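The values are calculated or read from the model by the stated rules, or taken from the named source; none is laboratory data. Keep in mind it's a predicted model, so treat the numbers as computed, not measured. Because the Cβ atoms are built from the backbone with ideal geometry, glycine has one as well, and the counts that use them run over all protein chains shown.
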Amino acid sequence: MGSTNEKTFRAAIAKGRRHLCDASPELAVWIPQCGKCTWEVNWERSIFEALVRAIAHQQLHSNAANAILARLIDAFPRREFPSPQQIVKSPVTELRAMGFSMSKVLAIQGIAAAALAKKIPSRQQCEKMSDEDIVEALIPLRGVGRWTVEMLLIFTLGRMGGMPTDDYGVQSGLMHLMRLAELPRKKVVFADYTDSWAPFRSLGAWYLWRLADDRK
């Protein structure tokens, strides 16, 4: 399944690059400069795992978050990633000792409980759902906001159509791309500049992230 998704995804990226270059003179300059698109999608990762990993990364440097996740995974050596049942049954003190804050413990155990109750859609179910349907299904979960779901849509499900307008890197990238005087924090500003990028706005966001990194 992963290889099929990857092949289709790479073909969509090639098509999307051409579309973005046609839709935006600014992107037509930046995309060739940026080079090969290295957007990677975790095709085999469950929605449950993606959410737990996202919670771990909230407000932390990636190295610190990865260290916490490594301790979580090491606690259950018979699995590649702990099951919802294992996380629900884990004592709070053990999860706290791994480095999770109390609020994150409550969040990941809530997500695990929701997974056990089948309140979290599977990858197969997500394939039949729109981006907005997935957002509406997941944001009621404790600790999960719209930005978290948007990252899941892009990096776990490989969705092409979204634009995470609240993301600082995307805002910074658009500011540099369009030579704006300040960060574009209003969705209407993003709509003015990026609606024509549809249905490849997530690919456009990826190039905005790279531009923001390039201008640091």
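May I ask you to verify whether Glu6 is modelled with pLDDT of 95 or more, closer than 21 Å to Cys126 by Cβ and out of contact with any helix residue (DSSP H, G or I) (no Cβ under 7 Å at 6 or more places or on another chain)? Answer is no for this residue. Of the helices (runs of 4 or more DSSP H) lying entirely inside the stretch 144-216, those carrying at least 2 residues that are under 17 Å from Ile13 (Cα atoms) are 146-155, 201-214.
Looking at the stretch 72-83, is at least one residue surrounded by 15 or more Cβ atoms within 10 Å (Cβ to Cβ), of a type in the set (Val, Ile, Thr) and out of contact with any Cys (no Cβ under 8 Å at 6 or more places or on another chain)? Taking every residue of the stretch 72-83 in turn, none turns out to be surrounded by 15 or more Cβ atoms within 10 Å (Cβ to Cβ), of a type in the set (Val, Ile, Thr) and out of contact with any Cys (no Cβ under 8 Å at 6 or more places or on another chain). Consider Arg159 carefully, then state whether it is among the charged types (D, E, K, R) and in contact with a Gly (Cβ under 9 Å, 6 or more places away or on another chain). No, not satisfied.
Here's the yes/no breakdown for (1) crowded, with 19+ Cβ neighbours inside 10 Å; (2) aliphatic (A, V, I, L, M); (3) assigned by TED's automatic domain parsing to the domain that holds Ala65; (4) closer than 20 Å to Phe81 by Cα:
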{"residue": "Ser101", "(1), (2), (3), (4)": "no, no, yes, yes"}
{"residue": "Leu116", "(1), (2), (3), (4)": "no, yes, yes, yes"}
{"residue": "Gln125", "(1), (2), (3), (4)": "no, no, yes, no"}
{"residue": "Lys128", "(1), (2), (3), (4)": "no, no, yes, no"}
{"residue": "Asp131", "(1), (2), (3), (4)": "no, no, yes, no"}
{"residue": "Val135", "(1), (2), (3), (4)": "yes, yes, yes, no"}
{"residue": "Glu150", "(1), (2), (3), (4)": "yes, no, yes, no"}
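Condition check ((1) surrounded by 14 or more Cβ atoms within 10 Å (Cβ to Cβ); (2) in contact (Cβ under 8 Å) with a residue 40 or more places away in the chain; (3) under 28 Å from Gly145 (Cβ atoms); (4) not assigned by TED's automatic domain parsing to the domain that holds Lys104) across all residues:
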| residue | (1), (2), (3), (4) |
| --- | --- |
| Lys7 | no, no, no, yes |
| Ala11 | no, no, no, yes |
| His19 | yes, yes, no, yes |
| Ala23 | yes, yes, no, yes |
| Cys34 | yes, yes, no, yes |
| Cys37 | yes, yes, yes, yes |
| Val52 | yes, yes, yes, no |
| Ile55 | yes, yes, yes, no |
| Gln59 | no, no, yes, no |
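So which helices (runs of 4 or more DSSP H) are wholly in the stretch 54-111 and hold at least 1 residues that are at pLDDT below 95?
Working: elements: 62-74, 84-89, 92-98.
Result: 62-74.
Would you point out which residue out of Val29, Val92, Val88, Val41 is touching a residue at least 40 places away in the same chain (Cβ under 8 Å) and either in contact with a helix residue (DSSP H, G or I) (Cβ under 7 Å, 6 or more places away or on another chain) or surrounded by fewer than 16 Cβ atoms within 10 Å (Cβ to Cβ) (or both)?
Working: Val29 fails: touching a residue at least 40 places away in the same chain (Cβ under 8 Å); Val92 fails: touching a residue at least 40 places away in the same chain (Cβ under 8 Å); Val88 fails: touching a residue at least 40 places away in the same chain (Cβ under 8 Å).
It is Val41.
Against the list (1) surrounded by fewer than 20 Cβ atoms within 10 Å (Cβ to Cβ); (2) out of contact with any Lys or Arg (no Cβ under 7 Å at 6 or more places or on another chain), the condition Gly110 fails is (2). Could you check, for the stretch 178-200, whether at least one of its residues is within 13 Å of the chain's Cα centre (by Cα), assigned by TED's automatic domain parsing to the domain that holds Cys37, surrounded by 13 or more Cβ atoms within 10 Å (Cβ to Cβ) and under 23 Å from Leu20 (Cα atoms)? For the stretch 178-200, residues within 13 Å of the chain's Cα centre (by Cα), assigned by TED's automatic domain parsing to the domain that holds Cys37, surrounded by 13 or more Cβ atoms within 10 Å (Cβ to Cβ) and under 23 Å from Leu20 (Cα atoms): absent.
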